[in-house]
Amino acid sequence: MKILMVCLGNICRSPLAEGILRSKISEKHTVASAGTISFHQGSPPDKRSTKTAQEHGVDISHQRANYFTEKHLEDFDKIFCMDLKNLEDVLSKAKSEEQRNKVSLIMEEAGVLSDGKIEVPDPYYGDMSDFEKVYQMLDQACEAIAEKYNLK
């Protein structure tokens, strides 16, 4: 299975989600990430995301921001978005019902709500505790996804 994680700039949430899920599943599956804006394309993850991941034994330092394109809808089996705006942006590029059916909110897909929330908040303007909260949300969601799709 090929899975894509999507957030706004591909430097905070989706790199964390990519790294977390990759650490939980078999190497025969592919996990990547992308952002709905191209501003950070080619940049490494935010240092706070890298540090938070590292504190949990997950290395995301090698990742580079990637811009989401229509090609991703062709190449990936599942596309998990971090928030409703990302979901809207990804769905706007879908050309068929089949492509639209590949796309969902990560927390909703995982069947896990954090404090009743279906969106993963963007920690960019927050502090390290915000990155830790996002990590915990994504860790729980990725575990549920790994189980749901038998990816281990």
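The values are calculated or read from the model by the stated rules, or taken from the named source; none is laboratory data. Values in this document were obtained by computation on a predicted structure and should not be read as measured data. Neighbour counts run over all protein chains shown; Cβ positions are idealised from the backbone, glycine included. Just so you know, the surface numbers come from the protein's heavy atoms only, side chains and all, with ligands and any DNA or RNA stripped out. Shrake-Rupley method; radii C 1.70, N 1.55, O 1.52, S 1.80 Å.
General remarks:
- Karplus 3J(HN,Hα) series, Hz, for region 53-69 with 6.51 cos²θ - 1.76 cosθ + 1.60 (x for Gly, Pro): 4, 4, 4, 10, x, 10, 9, 10, 5, 7, 6, 9, 4, 10, 8, 5, 10
- Given a 1.4 Å probe and the protein chains as shown, Lys133 ends up with an accessible area of around 120 Å².
- Positive-pole candidate from Thr50, Ile106, Phe76, dipole of the chain, charges at beta carbon: Phe76
- Averaged over its residues, the chain has an accessible area of 49 Å² per residue, based on protein heavy atoms and a 1.4 Å probe.
- Taking all protein chains together and a 1.4 Å probe, the residues Glu27, Glu74 rank Glu27, Glu74 from largest to smallest accessible area.
- Rg ratio (alpha-carbon, reference 2.2 N^0.38 Å) - region 1-144: 0.94
- The antiparallel fraction among DSSP beta bridges confined to the chain stands at about 5%.
- With every protein chain in place, the chain: carbon and sulfur % of accessible area (1.4 Å): 48
- Partner lysines for Lys78 [C-alpha distance under 18 Å; skip if fewer than 8 residues away on the same chain]: Lys2, Lys24, Lys28, Lys93, Lys95, Lys102, Lys148, Lys152
- Given a 1.4 Å probe and the protein chains as shown, Asp89 ends up with an accessible area of around 40 Å².
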